[in-house]
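These notes concern the structure reproduced below.
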Amino acid sequence: MNNSREIKSRIKSVGNIFKVTKAMGAIAASRMRKAQMQTFNARPYIQRSMEILAFLRFYGFRAEQFPLISEREVKKIGVILITPDKGLSGALIPNLLKTALNFKQDEEKKGKKPSFIVIGKKGESFLKRIKAEILAIFPDKSVWKLTDVSPIHKLIMSSFLAGEFDLVTVIYSNFISPLRQEAIVRPILPLTQDNLEKLLETRRLDEILHKTKYPLLYQVEPKVDIIIKELIPHLIKTGLYYLLLETKASEYSARMLAMENARKNADELIKDLVFNYNQIRQASITNQIAEIVGGKAAIEE
């Protein structure tokens with residue numbers, strides 16, 4: 001690029017990009033901290049609630065009495081795919097979509113066709129593009145509240161109890177740290193012991209039962225079966241809410257990093273363009289001086 005005017009225009013446009021990415025990074029960082037705090041605050045509640053359900057298994061009830069925790073032969077699968085509405089979040093969205101595609105292909109090889117409940121525009125457009133079966137579409141939220149989960153919760157509960165699904169899984173982004181997020185497939189229905197362990201992210205419930213602050217034996221009123229009927233739907237709703245929080249924290253973290261990288265790249269590009277501009281300007285000035293000196297010498301001759 002040897003045109004100084006063109007380089008100046010390029011410097012100005014890249015400078016504008018620098019300002020935009022810096023502002024977007026600051027906004028994402030602020031929202032990430034709030035989402036991270038929401039996620040961290042929800043974790044102890046979710047874990048303790050799941051531990052209570054684990055303890056209630058020692059009171060002699062039969063899982064077959066409760067469809068929501070009773071394992072059945074899997075023929076129909078419901079998949080909740082959680083994605084953002086917006087991009088500019090690095091590899092977060094491609095990883096989620098790739099995980100969803102791999103899951104769909106793996107299940108279809110087994111003769112099962114998953115039905116998707118999708119949250120977010122990115123997931124919606126992707127599933128339509130690969131011609132996946134979409135049962136319902138829900139918008140993403142900038143800040144999720146427990147009440148926002150109710151329509152999704154009612155849909156999966158009614159579908160599962162009606163026999164439309166034998167298994168419900170969630171594909172979401174697990175927030176590990178601001179620098180690391182991971183696309184995960186997590187089963188939430190039925191809430192069997194294996195699925196409960198996966199939600200608690202531990203190998204064995206025995207570890208929880210020996211390390212928990214709760215005593216092994218405590219009084220249950222009015223009855224275990226009544227408590228379980230009330231507890232399990234609430235656990236599934238709060239569990240889904242927690243996974244939405246995890247994905248939202250992951251989204252803002254990934255966007256913050258993407259904007260930081262874009263800002264650094266813009267800064268480096270501006271430095272290179274300024275250097276090139278100064279070189280061209282210096283060469284132009286040198287040529288002008290040479291012409292003046294040459295002209296003066298010609299006049300004197």
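The values are calculated or read from the model by the stated rules, or taken from the named source; none is laboratory data. Just so you know, these numbers come straight off a predicted model, no measurement behind them. As a convention, Cβ positions derive from the backbone with ideal geometry for all residues, glycine included, and neighbour counts pool all protein chains shown.
Worth pointing out:
- Residue selected from region 149-168 under the condition free of Cβ contacts under 8 Å to residues at least 24 places away in the same chain and within 17 Å of Ile137 (Cα to Cα), by the criterion farthest from the chain's Cα centre (by Cα): Ser158
- The lone criterion from (1) within 28 Å of Asp225 (Cα to Cα); (2) among the hydrophobic types (A, V, I, L, M, F, W, C); (3) loosely packed, with under 14 Cβ neighbours inside 10 Å left unmet by Ala91 is number (1).
- Selection within region 178-197: residues that are in contact (Cβ under 8 Å) with a residue 12 or more places away in the chain and polar (S, T, N, Q). The member of this set that is farthest from Lys237 (Cα to Cα) is Gln181.
- Hey, Arg281 in a helix (DSSP H, G or I), out of contact with any strand residue (DSSP E or B) (no Cβ under 9 Å at 6 or more places or on another chain), of a type outside the set (Ser, Thr, Tyr) and under 30 Å from Pro151 (Cβ atoms) or not: no
- Exactly one residue among Arg43, Arg31, Arg5 is at pLDDT below 75 and either outside any helix (DSSP H, G or I) or among the basic types (Lys, Arg) (or both), and that residue is Arg43.
- Enumeration of residues in region 113-133 that are touching a strand residue (DSSP E or B) at 6+ places or on another chain (Cβ under 6 Å) and surrounded by 16 or more Cβ atoms within 10 Å (Cβ to Cβ): Pro114, Ser115, Phe116, Ile117, Val118, Ile119, Gly123, Glu124, Leu127, Ala132
- Being in contact (Cβ under 8 Å) with a residue 24 or more places away in the chain and touching a Phe, Trp or Tyr at 6+ places or on another chain (Cβ under 7 Å) is a property that Ile171 has.
- Residue in region 205-225 that is under 30 Å from His153 (Cα atoms), β-branched (Val, Ile, Thr) and either modelled with pLDDT of 80 or more or outside the structural domain of Asp166 (by TED's automatic domain parsing) (or both) present: no
- Of the strands (runs of 3 or more DSSP E) lying entirely inside region 99-198, the ones with 2 or more residues being farther than 18 Å from Tyr242 by Cα are found at 115-119, 133-138.
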